[in-house]
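Student: The structure under discussion is supplied below as structure tokens; questions concerning it will follow.
Computed from the coordinates by the stated procedures, all read-outs in this text should not be read as laboratory data. In this text the structure is predicted, and so the values were computed from the model without any measurement. Cβ placement follows ideal geometry from the backbone for every residue including glycine, while neighbour counts extend to all protein chains displayed.
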Amino acid sequence: MIFFVAIATFFFLFITGFFVRVFARLFGLYVVIQEGTARVYVLFGKVLGVIKEPGLHSPLARFGPSALVVNWLGKSYTVDQRLDQEYLRSQPVNSEEGAPMGIGLWYEMHISDPVAYIFKNADPRGSLRANVSNAAVRCLSNLALTEMLESRHAMSHSVRTEVSPQSEEWGYMLGSVYIRKVHFRDVEMMRQIEGKVVNRLRQVTAAIQQDGTNQVNIIRTTAERQAAIEFAKATALRPRIVGDALSQVASDPEIAGALFEVLEVSRLLDSGAEITLVPSDASDTLSSLVAAVAPRAAPPRT
């Protein structure tokens, strides 16, 4: 019996608590605000107030007796104030040289004024997107191509400065703006630029190779000239060195005679000539040979 009484009591309290919470919320006795959201209360076309702080709040304590009927006769708006971001692809702009360029633009935004976001613009997000696109075209058109390809930070700052005042009037706070991509929109122009870049690289490569060849030739010519000078100096010094040595040798007759004899023998050996050695008594032997070989003289005629 006690068990059934406990179960009945539990269900009664549960149902009672549920209906109490429902009626309390319907009559604006309390409201729970989530993180990053805001609640705007409007009664008879007039804004009663805005609750932005997350947690448990009592509209009755904030707005007075009007909070009891605002959920019946008025309206409450829940606005998401969390940071959001969007990317605009290939916004068409023209460079100073007339090249059709595309700009990829990324930006952040969040709702700073919930009342202005609800009542000042029917489509604030779309208006902000259009405003950013128009500002990109206005601020980035007719820039030099080199500046458009290199100075993205300055271009991003100019777009943000252009858009921020108008976006704040619509309740949006524009955060970071960054140009992520700058590209050519004409395919044929891209091919022409690629061809020009390739030709320029070939010219630079050929110039570097020619300069290297010229430097090598200069170094080789300089080295050959210096070597020729040194060889000429050595050739000019050789006779003087040899003459000084010979003068020192000639001061001693015995050494000079031995030296010239050695040089003469060396010259004969190097020439490859045949040498006939004649013994010391060669004069008697030669006379007998001549007498034996020579024909006898004829007798005188009478």
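Student: Can you give me the relative contact order of the stretch 32-171 as a percent, contacts being Cα pairs under 8 Å and 6 or more apart?
Tutor: 21
Student: Where does the stretch 55-104 land on Rg/Rh, using Cα atoms and the Kirkwood Rh?
Tutor: Rounded to two decimals, Rg/Rh equals 1.51.
Student: I'd like the per residue volume of the convex hull spanned by the Cα atoms of the stretch 195-243, given in cubic angstrom.
Tutor: It comes to 28 Å³ per residue, whole-number rounded.
Student: Fewest first, what order do SER266, SER127 take by the number of other Cβ atoms within 10 Å?
Tutor: Ordered by Cβ neighbours within 10 Å, fewest first: SER266, SER127.
Student: Follow-up question, since we're still on this one. What whole number of Å gives the distance from the Cα centroid of the stretch 23-94 to the Cα centroid of the stretch 156-206?
Tutor: 39
Student: Once the convex hull of the C-alpha atoms of the stretch 84-185 is built, how many Å³ does it hold per residue, rounded to a whole number?
Tutor: Convex hull of Cα atoms, per residue: 77 Å³.
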